[in-house]
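> Sharing a structure, written as structure tokens. Questions coming.
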Amino acid sequence: MSKHGMVKAVGTHFEYEDGIIFYPFGTTIYAFAHQTSEIIEHTFESLSGSPFNKVRMCVFPKDYTYNKNEPEFYPFHKTDSGCWDVDSPDERFWNHLESIIKHLDDMEIQCDLILFHPYDRWGFSQFSQEDNLKYLQLCIDRLGHLDNIWWSLANEYDLLLHRKSMADWYEIEEYLASHDKRHHLISNHNCFVPWDTSRANITHGSYQTKRFPDIGGLVRKFGKPIMVDECCYEGNIPDFWGSISGEEMTARFWMSIVSGAYCTHGETFLDPDDVLWWSKGGRLKGTSPERIAFLKEIVESLPGPVEPTAGGIPYFSELSDEERREKEKDPGFVSFMNAIELMTPENRHMHFYAEHCYSGRCADNSAIINYYYLRCCARDTLVLPADKKYKVEVIDTWNMTREVVLENASGKVTVALPGKPYMAVIAH
């Protein structure tokens, strides 16, 4: 069993049952449980040397590009007519799956277990709703005792809407929430149409998105933890979703964290044996994992979880009447705001999306973080609380260096920067 108990959602972050904060640094290995023992062993070896403490993986086998192998076991036996019999589970499969999840638990890694997905040539996605619910009960009975399980209703649930209506999905969500007496975490993951994170049974958001300037707004809107569980993968395959650089994968983790959310990694490097990490596991090959480990070390050293900072032009609407009256004393501010008001809402959003500045802070301003992404500033001005004293560090997120540039800083201070991308500043 997990050293600290199950992970729970507390506000916009996660905690173990014993109150220790859990910062998820995830990775994706969809068909982990359906590989050879050799690949599985290599995967565990790679995970042991990685920063990843959450693995997204499927119950059902997956049929997709670079993933065409037949698994050794299937979740169910077949009837004489060749159909899957959900009343006859194959114990070899369930014992095997449980052993993998227990091994992850021994490594203090959470298992974000995907219950349904659309990439199927075997017929698991075509079950009747009655069989879907029997299958869910089996998952609860066989795996619900494990501390490190998170239930993900689906990978890309909206690609299954021709098989499962929204009413079916709501029933699946409700069945899982009401029958799992231990109340593991529950989310649902989208391709194009995000699941409603405000729903009572949903403990946290699980998003496929590349719209990072919007992430802080999701945290504020729902008041729940937000996971960017799919943001493309570091790799070199022809597909756009699997060919971002290590620099960009690292940056997407920083953008998520500074926005008060969390991110999930994946790798898709071409391999002569088609052993791509995102699907099968094996060996990590990318340049981002060690940089993600550097970020994880920084995050775990902070005084608490990061919250998104509301600020800048998009949030002038949040000013109090008194604050607005004060700003309107400046004619430049008034002309600026008048021009902005002439923009359509769509163009206004796109404009500020492109000029988004990533800024976050820990509770009571105990730490303040700016991430500059592609901006190549030679200096920046920080406005720190006047009643606190801060140590200010300049961080090169790619070269993994930290330099203290100011001590006992407060109020408005200028920080020198090297004029290159992927820099951050932390005042704490």
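> Condition check: without any contact (Cβ under 8 Å) to a residue 24 or more places away in the chain and either in contact with a strand residue (DSSP E or B) (Cβ under 7 Å, 6 or more places away or on another chain) or not acidic (Asp, Glu) (or both). Does Ile244 satisfy that?
Against the criterion (without any contact (Cβ under 8 Å) to a residue 24 or more places away in the chain and either in contact with a strand residue (DSSP E or B) (Cβ under 7 Å, 6 or more places away or on another chain) or not acidic (Asp, Glu) (or both)), Ile244 qualifies.
> Could you identify the single residue in Asp112, Asp120 that is crowded, with 17+ Cβ neighbours inside 10 Å, in contact with a strand residue (DSSP E or B) (Cβ under 7 Å, 6 or more places away or on another chain) and among the acidic types (Asp, Glu)?
From the options Asp112, Asp120, the qualifying one is Asp112.
> Still on this structure, I have one more. Taking segment 253-275, which residues are charged (D, E, K, R) and more than 20 Å from Trp241 (Cα to Cα)?
Asp273
> Return the only residue of Arg252, Arg220 being more than 20 Å from Thr27 (Cβ to Cβ) and of a type in the set (D, E, K, R).
The match here is Arg220.
> Please determine whether any residue of segment 288-298 is of a type in the set (Asp, Glu) and more than 23 Å from the chain's Cα centre (by Cα).
No - not one qualifying residue is present in segment 288-298.
> Looking at Asp380, is it farther than 25 Å from Glu290 by Cβ and either at pLDDT 95 or above or basic (Lys, Arg) (or both)?
So Asp380 passes the test.
> Those residues that are over 25 Å from the mean Cα position of the chain (by Cα), surrounded by fewer than 13 Cβ atoms within 10 Å (Cβ to Cβ) and hydroxyl-bearing (Ser, Thr, Tyr), I need them from segment 387-428; list them, please.
Answer for segment 387-428, where residues must be over 25 Å from the mean Cα position of the chain (by Cα), surrounded by fewer than 13 Cβ atoms within 10 Å (Cβ to Cβ) and hydroxyl-bearing (Ser, Thr, Tyr): just Thr414.
> Looking at segment 87-108, which of its residues are under 17 Å from Cys58 (Cβ atoms) and in contact (Cβ under 8 Å) with a residue 40 or more places away in the chain?
If the condition is that a residue be under 17 Å from Cys58 (Cβ atoms) and in contact (Cβ under 8 Å) with a residue 40 or more places away in the chain, then Pro89, Trp94, His96, Leu97, Glu98, Ile100, Ile101, His103, Leu104 are the ones that fit.
> Name the pairs whose Cβ atoms lie under 7 Å apart, with the first residue in segment 220-231 and touching a residue at least 40 places away in the same chain (Cβ under 8 Å) and among the polar types (S, T, N, Q), the second in a loop (DSSP other than H, G, I, E, B) and surrounded by fewer than 24 Cβ atoms within 10 Å (Cβ to Cβ), and 6 or more positions between them or separate chains?
Listed pairs, sorted by first residue: none to list.
> Considering only residues that are under 30 Å from Gly235 (Cβ atoms) and surrounded by 13 or more Cβ atoms within 10 Å (Cβ to Cβ), which ones fall in segment 73-105?
Matches in segment 73-105: Phe73, Tyr74, Pro75, Phe93, His96, Leu97, Ile100, Ile101, Lys102, His103, Leu104, Asp105.
> Here is a follow-up. Name the pairs whose Cβ atoms lie under 6 Å apart, with the first residue in segment 414-427 and without any contact (Cβ under 8 Å) to a residue 40 or more places away in the chain, the second among the charged types (D, E, K, R) and part of a strand (DSSP E or B), and 6 or more positions between them or separate chains?
Sorted first by the residue in segment 414-427, then by its partner, the pairs are Thr414/Arg379; Val415/Asp380; Ala416/Arg379.
> For residues in segment 2-18 being small (Gly, Ala, Ser) and either closer than 19 Å to Gly144 by Cα or not assigned by TED's automatic domain parsing to the domain that holds Ala200 (or both), which is surrounded by the fewest Cβ atoms within 10 Å (Cβ to Cβ)?
Step one: list which residues in segment 2-18 are small (Gly, Ala, Ser), which gives 2, 5, 9, 11.
Now restrict to residues that are either closer than 19 Å to Gly144 by Cα or not assigned by TED's automatic domain parsing to the domain that holds Ala200 (or both): 2, 5, 9.
Numbers: Ser2: 17, Gly5: 15, Ala9: 18.
So the residue we want is Gly5.
> Suppose we filter segment 233-249 for residues that are in a loop (DSSP other than H, G, I, E, B) and crowded, with 21+ Cβ neighbours inside 10 Å; how many remain?
Within segment 233-249, residues that are in a loop (DSSP other than H, G, I, E, B) and crowded, with 21+ Cβ neighbours inside 10 Å number 1.
> Out of everything in segment 150-169 that is within 16 Å of the chain's Cα centre (by Cα) and among the hydrophobic types (A, V, I, L, M, F, W, C), what residue ends up being farthest from Thr203 (Cα to Cα)?
Ala154
> Continuing with this model, one more query. Looking only at segment 115-140, count every residue that is more than 18 Å from Ala33 (Cβ to Cβ) and either out of contact with any helix residue (DSSP H, G or I) (no Cβ under 9 Å at 6 or more places or on another chain) or acidic (Asp, Glu) (or both) and tell me the total.
6
> In segment 381-402, how many are more than 21 Å from Phe253 (Cβ to Cβ) and assigned to a strand (DSSP E or B)?
Residues flagged as more than 21 Å from Phe253 (Cβ to Cβ) and assigned to a strand (DSSP E or B) within segment 381-402 amount to 6.
> Is it the case, given these coordinates, that Leu161 is closer than 25 Å to Gly281 by Cα and aliphatic (A, V, I, L, M)?
no
> If you scan segment 381-421, which residues turn out to be under 20 Å from Pro303 (Cα atoms) and basic (Lys, Arg)?
Lys388, Lys389, Lys391, Arg402
> Right, here's the next one. Which of the residues belonging to segment 226-260 are β-branched (Val, Ile, Thr) and closer than 17 Å to Tyr358 by Cα?
Ile226, Val228, Thr250, Ile257, Val258
The values are calculated or read from the model by the stated rules, or taken from the named source; none is laboratory data. These numbers were taken from a predicted model, which means no experiment stands behind them. Virtual Cβ from ideal backbone geometry, glycine too; neighbours counted across all protein chains shown.
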